[in-house]
Structures are given as C-alpha cells and as structure tokens.
Amino acid sequence: MQTILSIKNLNKRYGSLQALRNVSFEIKRGNVYGILGPNGSGKSTTLGIVLNVVNKTSGEYSWFDGKMQTHEALQKVGAIIERPNFYPYMTAEQNLKLVCKIKNIKYTKIQEKLELVGLDERKNSKFSTFSLGMKQRLAIASALLNDPEILILDEPTNGLDPQGIHQIRDIIKQIAAQGTTILLASHLLDEVEKVCTHALVLRKGTVLYSGTVDGMSANEGFFELQADDNEKLTQLLKIHPAVESVKQEEGKVFVYLKTALEAASLNKYLFENNINLSHLVKRKHSLEEQFLELTKNSES
Ligand code: ADP
Ligand code: MG
C-alpha cells in the first residue's frame, strides 16, 4: 500500500507553548484517517504544517514516499482548512469555473463534482444565498476539482445543523468509497467513529493512540469487585500478572487488565487466597468513556 504522507517526530512551539510533541504517523492510500482530540490539542497545527502554511519547529514529514517536493505534492492534495470563502455575488458554478481557471482544470469536472456534493440543482444560485452546509459542500466540490489523491478537512461539520452534518458525513464516505484517501480533523468522537477507518488521538500535542478505529475499542476491559476485606483484595490483585492497575472507589475495587483474564479464573485465584467475593462484574468501557479517559486533562 502506497504511503501518501509520512510524519516523523514533528514538534511545534508557539513561543513557550509546545503545541506538538513528537507526533508521528503514516497515511496509506485508500484509508480514511481522523485526527481526534479536544480543542487545542494540535489538530489544526498538524494539518497546517503538512500543508506548508505553518512552520514546524523540528521533525520531518514527506509526501508520496518522499518522491516529490512539498509544493509539487500539494498539487495532488485537496484541502479545506478554513471557513469556505467564495465570491458572494457569483453563482456556485461561476465560482468553480474561476477555481478551474486558476488551477488550469477542465470545466467538465464542475458538473461531476457538483453532483457528488448534491449541489447540481443549486449551481445557478449565488454563493451568498447558500446555507453554511451548502457552502461547505461547495468547498468540498472545489477541493475535488483536480481529483486529488487525498482530501484534507479540518472540522468539516463544525457549526452545521444535524441534517447538514449528516450530508457532509455521507459525502465524505462517498468520496472515500471512490478510492480517495481522506484525512480529517475533528473533536467529535462519533464523527471519527462513523467516518474513519483509522484514528490518531491527540491530547496537548501528544499522540495517545494511533491505529484502526476498531482497535480503539478493543481493550481487555475491567472488573468491578467487592469483598469483606477490600484491602487484602487489592493487595492480591496488584500482584496478579494480568492486572494493569487497581483502584478503590465507593466501596468497590476496580481492576484494569493488561492481558485477557476470565471472571472464573480471577474468582478461583482469589478464592484460593481466601477471598470470598460478594460482587463480581466484568465490564468494558464504551469507546466514549475511553476517549474521555484518554483525553482527560492531566495535572501538568
Ligand atoms: P486544535 O486544532 O486541536 O484545536 P490547534 O492546533 O489550533 O488545536 O492549537 C494547538 C495549540 O497551539 C493551542 O494551545 C493553541 O492555542 C496554540 N496555537 C495555535 N495557533 C497558534 C498561534 N498562531 N500562535 C500561538 N499559539 C497558537
Ligand atoms: Mg482546530
């Protein structure tokens, strides 16, 4: 699978603020990537650097296996990183014609892309009459005019109503289904879950997770336990090889696992060490709980 973009140990400082810390990831052709993280986690900074509008402090990135200079590579990239901006008194079609002229693209592409984003019937309406969702869809059409290898979107559904959000997500999925690689930044877990195949989770400029979206929820889970002697229970759990960490809360003992462990074998282990459980439940965090846990602001 061809590498579209490769980022290694990217760092970015704005004065004393470290916005990105050793960010590394790879984008392979045909996948849909989400950079997921709360506001201020460094998503837009990452996109800005690879699009050459923000200077990196250190680290490397290369487009298309490093075979091309950045300015040349960027001609194969479609990106929307700001609020869509077109001439308000020109129609959708006239605006796209202008983009074609500037980028030296055939006008025949316009109809195809307007249909893709569902604006064919409104092509003769002035941009100023468009809803925010329609403006965003026109921006997507515009970014796709030259059939880019990869489409980059920063918070593509911000500010839209539920219907507008749904339309944009459907369009992104259609574009992906046609084989275009996609990289989008979002602070919405459900957006990344619904639209993306791969995710990079950022918090304060640090990568917390990088991998498939399915893999984000594939954790071993945890136990909720109770016994007469929760102290002794805790001590026994801490020395169990499958246990990652133990915490007590509201009279219950929570046991987080690093490797798989069945309830029956945990119960047997505790029983053999003279602990009789009065409560045992095995649970898994939902993806949302995990995301909140992952991105919870740390003390530092
Ligand atoms: P996100 O897109 O995830 O919301 P950003 O990449 O915009 O995050 O910002 C990351 C951090 O860098 C934030 O703390 C933000 O305040 C800071 N930052 C972003 N742009 C600038 C800038 N031009 N000057 C100073 N600080 C900035
Ligand atoms: Mg941003």
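The values are calculated or read from the model by the stated rules, or taken from the named source; none is laboratory data. No experiment lies behind these values; they were computed from the predicted model shown. Glycine also receives a Cβ, built like all others from the backbone with ideal geometry; neighbour counts cover every protein chain displayed. Just so you know, the surface numbers come from the protein's heavy atoms only, side chains and all, with ligands and any DNA or RNA stripped out. Shrake-Rupley method; radii C 1.70, N 1.55, O 1.52, S 1.80 Å.
Observations, loosely collected:
- DSSP beta bridges fully contained in the range 3-217 are about 55 percent antiparallel.
- Counting only whole DSSP H helices of the chain, the ones at least 20 Å long by C-alpha along their axis and with mean Kyte-Doolittle hydropathy no lower than -1.0 are 162-177.
- Computed with a 1.4 Å probe on the full set of protein chains, the accessible area for C196 sits at about 10 Å².
- Among H166, H187, H198, the largest mean-square fluctuation in a Gaussian network model of the chain (Cα springs under 10 Å) belongs to H166.
- If R0 equals 45 Å, the separation of the Cβ atoms of Q248 and T197 corresponds to a calculated FRET efficiency of about 0.70.
- Sorting 62-74, 32-44 by their mean Cβ neighbour count within 10 Å, with the most densely packed peptide first, gives 32-44, 62-74.
- Separation between Cα centres of the range 218-275 and the range 118-178, rounded to whole Å: 50 Å
- Taking label points 7 Å from Cα along the Cα-to-Cβ direction, A264 and E26 give a separation of 4.1 nm.
- Computed in the context of the full set of protein chains, the accessible area of the chain at 1.4 Å probe radius has 47% of its extent on carbon or sulfur.
- Cα-based shape type of the chain, given that a ≥ b ≥ c are square roots of the gyration tensor eigenvalues and the cut on a/c is 1.5: prolate
- Judged by the gyration tensor of its Cα atoms, with axes a ≥ b ≥ c, the range 222-283 is rounded; a/c sits under the 1.5 cut.
- Area accessible to solvent at T108, 1.4 Å probe radius, in Å²: 100 Å²
- Within the same chain, lysines fewer than 8 places from K103 are excluded, and of the rest, those with a Cα less than 18 Å from its Cα are K76, K113.
- Net +/- balance of residues flanking A92 in space, Cβ distance below 9 Å, scoring K and R +1, D and E -1: +2
- The mean accessible area for residues of the chain, using a 1.4 Å probe and ignoring ligands and nucleic acids, is 52 Å² per residue.
- Classified by the C-alpha gyration tensor, the range 117-158 has an oblate form. Its axis ratio a/c, with a ≥ b ≥ c, is 1.5 or above, and a/b does not exceed b/c.
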